[in-house]
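**Q** Below you will find the structure I want to go over with you.
The values are calculated or read from the model by the stated rules, or taken from the named source; none is laboratory data. These figures come from a predicted structure and were not determined experimentally. In this analysis, Cβ positions are derived from the backbone assuming ideal geometry, glycine residues included, and neighbour counts consider all displayed protein chains. All accessible areas refer to the heavy atoms of the entire protein, side chains included, with ligands and DNA or RNA removed. Shrake-Rupley method; radii C 1.70, N 1.55, O 1.52, S 1.80 Å.
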Amino acid sequence: TNNNLTLLWDNSLVLNSGIFESYSAILDNYGNRYISGGLFTSNTSAIPMVVKFNACGEQEWCLLIPFQGYDSGSIKDMVINDDGDIIVLIDYLVYSVNQATSDCVFLAALSPEGELMWKQVYASPSADPLLQHPGCFYMTYHNGEYYLSGYCYYAYPQNPTHFYLTPFFVGINSQFQEKWILPFGMKELIRGRAYEIIPMNEDYLMGLVDHG
């Protein structure tokens with residue numbers, strides 16, 4: 001639609017191999033639209049997927065990003081960086097005894113032509129034995145850097161053999177190197193999750209968390 005909510009075009013994505021569930025949509029400076037989520041091939045298994053529509057609403061390409069060794073995955077959020085690349089936040093899942101310590105948080109870079117340029121893991125439990133079940137579902141692009149938010153299970157301060165659900169943030173620099181991870185929680189509460197990150201100014205970010 002235009003600014004007056006007048007319908008300009010209407011298009012549907014027709015798939016014969018599953019059900020597409022969308023979680024994110026972005027628009028570039030040329031009017032192209034990118035829709036992402038997961039293509040569900042069963043009730044419990046999905047493949048991360050991105051579709052590009054041009055300014056006329058015509059589908060230009062569709063990209064699936066499977067990963068061997070994982071049972072399911074989907075793209076939770078996307079941004080277009082200053083280089084014009086599409087950076088996607090992928091959540092992969094493993095249904096196994098190693099689920100708690102599996103790498104789940106990935107970024108991938110796509111070209112505007114739909115080429116997968118690279119994929120990289122972040123917030124790996126193998127780098128922090130106090131971290132389990134990391135999950136990031138929101139991404140903020142600010143000053144050329146990337147900030148992820150979601151939740152994780154982190155070791156309880158008084159008993160590191162017990163893990164509790166807590167808000168979780170990840171900082172990544174412009175070279176796509178992980179700067180830090182931040183499990184954040186109030187001491188008197190043992191569960192919560194993080195939502196959007198809002199840039200307050202050039203130096204400060206505000207994270208929205210829920211301790212419900």
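**Q** Which FRET efficiency, nearest 0.05, do Glu58 and His162 yield, Cβ-Cβ r, R0 45 Å?
**A** That gives a FRET efficiency of 0.25.
**Q** Per the Kirkwood formula on distinct C-alpha pairs, the Rh of the chain is how many angstrom?
**A** 18.3
**Q** Per 10 Å bin, what is the whole-percent P(r) computed from every C-alpha pair distance within the range 31-130?
**A** Histogramming the range 31-130 at 10 Å steps yields 15, 45, 28, 10, 2 percent.
**Q** Put one equal scatterer on each alpha carbon of the range 139-212, apply the Debye formula with no solvent term, and list log10 I(q)/I(0) at q = 0.20, 0.23 1/Å to two decimals.
**A** -0.83, -0.99
**Q** Which residues does a label at Gln175 reach in the range 122-144, if reach means a backbone N under 18 Å from a point 7 Å past the Cα toward the Cβ?
**A** Residues 122-123, 143-144 fall inside that zone.
**Q** Also, I was wondering about something else. How many percent of the accessible area of the chain is carbon or sulfur, using a 1.4 Å probe?
**A** The nonpolar share, carbon plus sulfur, comes to 51 percent.
**Q** Determine, from the Cβ-Cβ distance of Phe184 and Glu21 and an R0 of 30 Å, the FRET efficiency 1/(1 + (r/R0)^6), rounded to the nearest 0.05.
**A** Working: r = 29 Å, r/R0 = 0.96.
E between Phe184 and Glu21, to the nearest 0.05, is 0.55.
**Q** For Glu145 and Asp210, compute 0.36 nm times the residue count separating them, minus their Cα-Cα distance, and round to one decimal in nm.
**A** Going from the current span to full extension adds 21.0 nm.
**Q** If you average 1/r over all unlike Cα pairs in the range 139-181 and invert the result, what Kirkwood radius do you get in angstrom?
**A** With all distinct Cα pairs of the range 139-181 included, I get 11.6 Å.
**Q** Related question: Take the alpha carbon atoms of the range 59-136, find their center, do the same for the range 146-177, and report the distance between the two centers in whole angstrom.
**A** Each part reduced to its Cα centre gives a spacing of 16 Å.
**Q** Still on this model: In units of 2.2 N^0.38 Å, what is the alpha-carbon radius of gyration of the range 93-142?
**A** With N residues counted in the range 93-142, Rg over 2.2 N^0.38 Å equals 1.36.
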